[in-house]
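Report on the following structure.
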Amino acid sequence: MTPGVRLILLGKQGAGKGTQCVRLSRHYVVPHIATGDMFRAAVKSGTEAGRLVKRYLDAGELVPDVIVMRVVADRLDQDDTKARGFVLDGFPRTVHQAEALAALLSPSDVDVVIDLEVPTGLVLQRLASRRVCSACGANYSLDSPPKFDWTCDVCGGEVVQRGDDTEVAIRRRLKLYEVATAPLVQWYLGRGQLEVVDGVGDADTVMARLVAVVDARRGIRAESP
Ligand code: AP5
Ligand code: MG
């Protein structure tokens, strides 16, 4: 394993971006940057930014690009991401955000953008079953609960249903994915940066597919002049 990789994981809500990005971040020893997690943490800590974004999260709406870009630019400017790279989860989510990211990283760029593909019927099942730690955000599901009484295996926090995993907010999030985020797949395809990975199967199987694709791309990058 060699550190120093810059990845973007795209995929519908419930595709398994968070689940796989935690693993990819450990595997490649790079920070996991998840805009949704950052916004939920801001809401929880009651900061002004948190108060600003709460209504968007609760409704399943996209947070305005200007706020998102400020948060991401600050994070990408930190020493760990500059030195080691990153895995981006939930960002970019619009073509405008992708253009802003490309400008931020220029003249360099990300190594690969992966579209984690899962049918809508399956993501709906996964979201209905998802439970998360209210303290550290670790992911569980009704099929894969914590070991003891909905208490987080990692930090001992209470494991609950996420606030935006309501039927109305899920419907809105999936609609926005089709309208605002799906065009990103075409945008990255046009730039020759896209790989599509099948996200159906158990988490270990999906992770093995992701690592194979990332390592193949890094091989391509190493061979290019
Ligand atoms: P965010 O937190 O990013 O939520 P999301 O996009 O709705 O995606 P999810 O986190 O629901 O899905 P996931 O793909 O991570 O799935 P997971 O791994 O949990 O964003 C939340 C909100 O923040 C947005 O709605 C928006 O308001 C705002 N926001 C964030 N970024 C923004 C941006 N860039 N611009 C504007 N607004 C932004 O998996 C789901 C479930 O499936 C889990 O229970 C998991 O255990 C299970 N599972 C995962 N993989 C498998 C598998 N292989 N087999 C079986 N079960 C599995
Ligand atoms: Mg997530």
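The values are calculated or read from the model by the stated rules, or taken from the named source; none is laboratory data. Computed from a predicted structure; not experimentally measured. Counting neighbours? That spans all protein chains shown, and the Cβs are built from the backbone with ideal geometry, glycine included. Ligands, DNA and RNA are stripped out before the accessible areas are found, and what is left, the full protein with its side chains, is counted by its heavy atoms. Shrake-Rupley method; radii C 1.70, N 1.55, O 1.52, S 1.80 Å.
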For segment 162-182, the count of residues that are over 18 Å from A41 (Cβ atoms), open to solvent by 30 Å² or more (accessible area, probe 1.4 Å) and either part of a loop (DSSP other than H, G, I, E, B) or among the polar types (S, T, N, Q) (or both) equals 1
Subset of segment 86-126, residues touching a Pro at 6+ places or on another chain (Cβ under 7 Å) and either open to solvent by 20 Å² or more (accessible area, probe 1.4 Å) or of a type outside the set (A, V, I, L, M) (or both), comes to F86, V95
Expected output for segment 131-145 (first residue farther than 18 Å from D89 by Cα and among the aliphatic types (A, V, I, L, M), partner open to solvent by 40 Å² or more (accessible area, probe 1.4 Å) and modelled with pLDDT under 90, Cβ below 8 Å, 6+ apart or cross-chain) is none
Filter segment 50-102 for residues that are in contact (Cβ under 8 Å) with a residue 40 or more places away in the chain and acidic (D, E); the one that is nearest to ligand 2 (Cβ to nearest atom) is D89
(1) within 23 Å of L184 (Cβ to Cβ); (2) part of a loop (DSSP other than H, G, I, E, B) all hold for C136 apart from (1)
Flagged in segment 183-197 as assigned to a helix (DSSP H, G or I) and in contact with a helix residue (DSSP H, G or I) (Cβ under 8 Å, 6 or more places away or on another chain), in numbering order, are P183, L184, W187, Y188
Across segment 1-34, the tally of residues that are open to solvent by 20 Å² or more (accessible area, probe 1.4 Å), more than 19 Å from P92 (Cβ to Cβ) and in contact with a strand residue (DSSP E or B) (Cβ under 8 Å, 6 or more places away or on another chain) stands at 4
| message | Here is a check on your reading of the model: is V168 hydrophobic (A, V, I, L, M, F, W, C) and at pLDDT 95 or above? | response | no
Qualifying residue in segment 135-155 (condition: within 12 Å of ligand 1 (Cβ to nearest atom) and β-branched (V, I, T))
no
